[in-house]
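I am attaching a structure below and will ask some questions about it afterwards.
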2 protein chains.
Amino acid sequence: MPQLGLLAGRAWAALLSQLLRPPCASCTRAVGCHSQGTRDLSPQQMVVREKILDLVVSCFKRHGAKGMDTPAFELKEMLTEKYGEVSGLMYDLKDQGGELLSLRYDLTVPFARYLAMNKVKKMKRYHVGKVWRRESPTIVQGRYREFCQCDFDIAGQFDPMIPDAECLKIMCEILNGLQLGDFLIKVNDRRIVDGMFAVCGVPESKFRTICSSIDKLDKMAWKDVRHEMVSKKGLAPDVADRIGDYVQCHGGVSLVEQMFQDPRLSQNKQALEGLGDLKLLFEYLTLFGIAEKISFDLSLARGLDYYTGVIYEAVLLHTPTQAEEEPLSVGSVAAGGRYDGLVGMFDPKGHKVPCVGLSIGVERIFNIVEQRMKTFGEKVRTTETQVLVATPHKNFLQERLKLIAELWDAGIKAEMLYKNNPKLLTQLHYCESTGIPLVVIVGEQELKEGVVKIRSVASREEVAIKRENLVAEIQKRLSES
Amino acid sequence: MPQLGLLAGRAWAALLSQLLRPPCASCTRAVGCHSQGTRDLSPQQMVVREKILDLVVSCFKRHGAKGMDTPAFELKEMLTEKYGEVSGLMYDLKDQGGELLSLRYDLTVPFARYLAMNKVKKMKRYHVGKVWRRESPTIVQGRYREFCQCDFDIAGQFDPMIPDAECLKIMCEILNGLQLGDFLIKVNDRRIVDGMFAVCGVPESKFRTICSSIDKLDKMAWKDVRHEMVSKKGLAPDVADRIGDYVQCHGGVSLVEQMFQDPRLSQNKQALEGLGDLKLLFEYLTLFGIAEKISFDLSLARGLDYYTGVIYEAVLLHTPTQAEEEPLSVGSVAAGGRYDGLVGMFDPKGHKVPCVGLSIGVERIFNIVEQRMKTFGEKVRTTETQVLVATPHKNFLQERLKLIAELWDAGIKAEMLYKNNPKLLTQLHYCESTGIPLVVIVGEQELKEGVVKIRSVASREEVAIKRENLVAEIQKRLSES
């Protein structure tokens, strides 16, 4: 499986190898964070972000996905009633005349709108883009109000569980490739969740709101979730306790078999459908060689209203190798599921297009890497410049300008100092501090002899090259390094 | 200069070669455009967009720029009073508690805010991102309310005109690389514009608003601009006429010399400074070999308030090679200038950081390419899949799943149909319609013999390969093609 092969540079490997070490307390606040809960990305952060996105998008393309883009804002009416309780977290635009608009909350609903609007019945696409949520920003955990999502979805009517299994395979490939340490993917099915609610005695009108409470189990203790369900949402205490018994269950395919025998759950048609699909899913995951990464977990509910079938969520497992290490909680780093009804909500005739997909929480992943960079003072090169055009003499600006234009025109990445008469030492220091490997030096003697000098910054060796051979010589050296 | 070498694929070259042909009248409305003035990008559009962005970003990196990102929205107070008359076109977010926010109008003001906030005195960065403007969308001309900008800027105190000349060199490299046909870069200087206003008798309080009117000269006739200045903005008719004489002037470095001799303009200190810098700029542009692409044009004003020195704008020249061709107007495709005061507006002590930069109007460029694609029914591949895993027999889903996982794990781009028992013909048709070059076929006989067949879709040749050699064989074939 492609791992660091996709990520060039040893600095990056060194950086990722530190991921299992916890951050120190003093460096958990992010740099560049604004009062409005967003942040700038500095050049160093951008390098990390681009490497992560490259790996994710490569994986999506490896699975045959097409790219797509939708606008940052949608008609507000398109987004309402798609998300459930979290809809209040949408950013609305001010009414300045025209339609009422909201910033997109995820990439899934715009995708469904796109399919319905263009009457697309079948599509495998990826989408990388920003989404916005008015959540209380808890920056330490890597939650911002603006963040980047990387989604992969398969739309279309296909034989059961084949696309679903591919989504889980993709999550495994990406998390393996990023080398974030050990991980686990929790799997459940919305029909099992609903079946569980039904057999426990939850009134059907409360299914979605109780589902939202259960979704908080990864952040809140059971007793607090139970309190929310009973005191705030009016669920009978014995009903809550019956749910409590189920949500403790997690395991492999054997738990699926066990739930088929469960005296209550096995009486529910929906739950049986979900269990049947999970059984098939595990069969495919075994063929993909990833079954040991998957855990059937009855506490997994997923908060969004639109899921209708299998749901999943990947969590990093912190394996403390040293006694003094604190467990690191970063929440889920990837999640998704099946949503067979969403496209139909946008179609005037209600025509459905079944969909299944996943979203990579790249922002969380960035934050893990960034924290480590800060802790260890790790630096990455933020430019790709290969050559500095320099001079040891005054009044050589014209020669430098002619020379650098030649290099640019040949596709060579080159810089020069923006000074009429820079000192040679300043120019060489600039190469050392920014990691430029080669210097092309032109001075009085070189000009007279029709040559230029090429200097290797690392070895400090200099050789004179005929001026007309310069581009070829640099290209030769760069291809060798 | 790297041109199509950076852009892989003959389809793309074919597509770009059609750029000088005008679109037919029936296909000038963009697909996927929404009532709110935005649009979706389909997979085919995304391929074109990514190729354009790759070329642009490669050029920025060739010139040593670092990447950076800022949030989609800024504090409203950060953006106000930076743009001038167009400020009313900003999208505000609804007040849902907390700070008042607006969507960014360009990438320049957030960059200046970033420099001031982080006390950065020197930086060469590029930024690719979306910006939003509440303009009346004229979709035919390629103007949307959401569009992508690609900016390159050099911040810092340097010797005059060296970074400015580099910005113009970059614009030339990108426009040459994109092969959009012949182009011209108009250059002027804000100090010359203001000097011209002063010597023509424009009251200083009206400089910026008259500048906004002059900026419309590329879209409006002089008589309409004159009418706006006189009737709407209260300029004396004889003042307007004096401006009218100047704004007709355009030419090369000789026009700079001529303006030095102009009896009125040569009395203005500001104008003389601007002319002096332009003279130096032309000297550097000659060394870069691009002086013939540059036109000193006194009608160029640039609408935004923040420019303080040299300003420029690239326009495509439509050279009708056939008599029946209509001229194609796409407006400017790249523009920029020097803004030495903007960073200081964000700094509590007013510390200035001189800046110069450019913005590539990639959206306009996309639209030119898209129009041609629609006109000529040109298709580009929207996936990169190399192999389809297929079977001629029923009940081979398990074998296909095992096989495709092996390919994915080896980094090979592979797909399979999501059906338990697809027909072989359907599978082969899928390859032909989506451009997949290779098919791996596993059936009863192959399974018995421990082989798989590799079929070339183009030649229809099939060879049997030992199952354990499959990955190596595919990698060999892909590296040869």
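The values are calculated or read from the model by the stated rules, or taken from the named source; none is laboratory data. Note that the structure is a prediction, hence the values are computed from the model and not measured. Glycine gets a Cβ as well: all are built from the backbone with ideal geometry, and neighbour counts include every protein chain shown. Ligands, DNA and RNA are stripped out before the accessible areas are found, and what is left, the full protein with its side chains, is counted by its heavy atoms. Shrake-Rupley method; radii C 1.70, N 1.55, O 1.52, S 1.80 Å.
With Cβ to Cβ distances under 9 Å as the rule, what net charge do the other residues near residue A:123 carry (K, R +1; D, E -1)?
Neighbour charge sum, excluding residue A:123 itself: +4.
Using packing as a proxy for protection, rank A:355-368, B:73-86 so that the peptide with the highest average count of other Cβ atoms within 10 Å comes first.
Answer by packing, highest mean first, reads A:355-368, B:73-86.
Over all pairs of distinct alpha carbons, what does the Kirkwood formula give as the hydrodynamic radius of the range A:271-422, in Å?
21.7
Which percent, to the nearest 5, of DSSP beta bridges fully inside the protein assembly as shown are antiparallel?
Just about 80 percent of them are antiparallel.
Here's another thing I want to ask about it. How large is the Rg to Rh ratio of chain B when both quantities use alpha carbon positions and Rh follows Kirkwood?
That ratio equals 1.08.
Averaged per residue, what accessible surface does the protein assembly as shown expose to a 1.4 Å probe, in Å²?
Accessible area per residue: 40 Å².
Can you list the residues of the range B:413-437 with backbone N under 19 Å from a point 7 Å past the Cα of residue B:475, pointing along Cα to Cβ?
The answer is B:413-415, whose backbone nitrogens lie closer than 19 Å to the label point.
Still on this structure: Could you tell me the center-to-center distance, by alpha carbons, between the range A:455-481 and the range B:162-220 in angstrom?
Using only Cα atoms to place each centre, the spacing works out to 40 Å.
Right, another one. In whole angstrom, note down how far apart the Cα centers of the range B:328-374 and the range A:233-292 are.
56
While we're here: Enumerate lysine pairs in the range B:387-480 that are 8 or more residues apart or on different chains, then count those whose Cα atoms are under 26 Å apart.
Summing the qualifying lysine pairs gives 29.
Excluding residue A:272 itself, what net charge comes from residues whose Cβ is under 13 Å from its Cβ, given Lys and Arg +1 and Asp and Glu -1?
Once positives and negatives cancel, what remains is -2.
Can you give me the orientation-averaged projected area of the convex hull built on the Cα atoms of the range A:387-480, in nm²?
Quarter of the Cα hull surface area: 5.5 nm².
Then there's this: Modelling each spin label as a point 7 Å along the Cα-to-Cβ direction, I'd like the residue A:233/residue A:384 distance in nm, to one decimal.
4.9
Residue of A with Cβ nearest the axis relating A to B, plus distance in whole Å?
Result for the axis mapping A onto B: A:94, 2.
Give me the inter-chain shielding for B:51-60: mean count of other chain Cβ atoms within 10 Å, whole number please.
What the average comes to for B:51-60 is 1.
Using a 10 Å cut-off on Cβ atoms, rank the peptides A:92-101, A:290-299, B:461-470 from the highest mean neighbour count down.
Listed from highest to lowest mean packing, they are A:290-299, A:92-101, B:461-470.
Please report, for residue A:89, the nm distances (one decimal) from its label point, 7 Å out from Cα along the beta-carbon direction, to the equivalent points in the remaining copies, shortest first.
Ordered by increasing distance: 3.5 nm.
Nearest 100 Å² is fine: how much accessible area is buried between A and B, summed over both sides, with a 1.4 Å probe?
7400
Quote the charge dipole size of the range A:388-471 about the Cα centre in Debye, to the nearest 20; the model charges only the Cβ of Lys and Arg (+1) and of Asp and Glu (-1).
So the magnitude is around 180 debye.
For the range B:387-480, what % of the accessible area comes from carbon and sulfur atoms, probe 1.4 Å?
Reported share for carbon and sulfur atoms: 49 percent.
Also, quick follow-up: P(r) for the protein assembly as shown: what percent of alpha-carbon pairs falls in each 10 Å bin, starting at zero?
2, 10, 18, 23, 20, 14, 8, 4, 1, 0, 0
Which net charge results when you count Lys and Arg as +1 and Asp and Glu as -1 among the other residues whose beta-carbon is under 11 Å from that of residue A:382?
+4
Of B:72, B:459, B:296, which is farthest along the charge dipole of chain B in the positive direction, counting Lys and Arg as +1 and Asp and Glu as -1 at C-beta?
Checked the options; the winner is B:459.
The range A:215-252: which trypsin sites (Lys or Arg not before Pro) are DSSP loop and have at most 16 other beta-carbon atoms within 10 angstrom?
Passing both the DSSP loop test and the Cβ count: A:219, A:233.
Hey, another quick one. To the nearest 10 square angstrom, how much accessible area does residue B:305 have with a 1.4 angstrom probe?
Spelled out: residue B:305, probe radius 1.4 Å, area about 50 Å².
Here is a follow-up. Tell me, how many Å apart are the Cα centres for the range A:61-89 and for the range B:401-419?
That distance is 28 Å.
In peptide A:166-177, what is the residue-averaged number of other protein chain Cβ atoms found within 10 Å of each Cβ?
2
If you put a point 7 Å past Cα along the Cβ direction, how far is that point for residue A:410 from the same point in each other copy, in nm, smallest first?
Output for residue A:410: 3.9 nm, nearest copy listed first.
Here is a follow-up. Averaged across B:284-296, how many Cβ atoms of other chains sit within 10 Å of each residue's Cβ atom?
Mean shielding by partner chains, rounded to a whole number: 2.
Assume the label is 7 Å from Cα along Cα to beta carbon: what separations in nm does residue B:348 have to the matching positions in the other copies?
5.9
If you count the DSSP beta bridges with both ends in the range B:387-480, what percent of them are antiparallel, to the nearest 5?
About 60 percent, rounded to the nearest 5.
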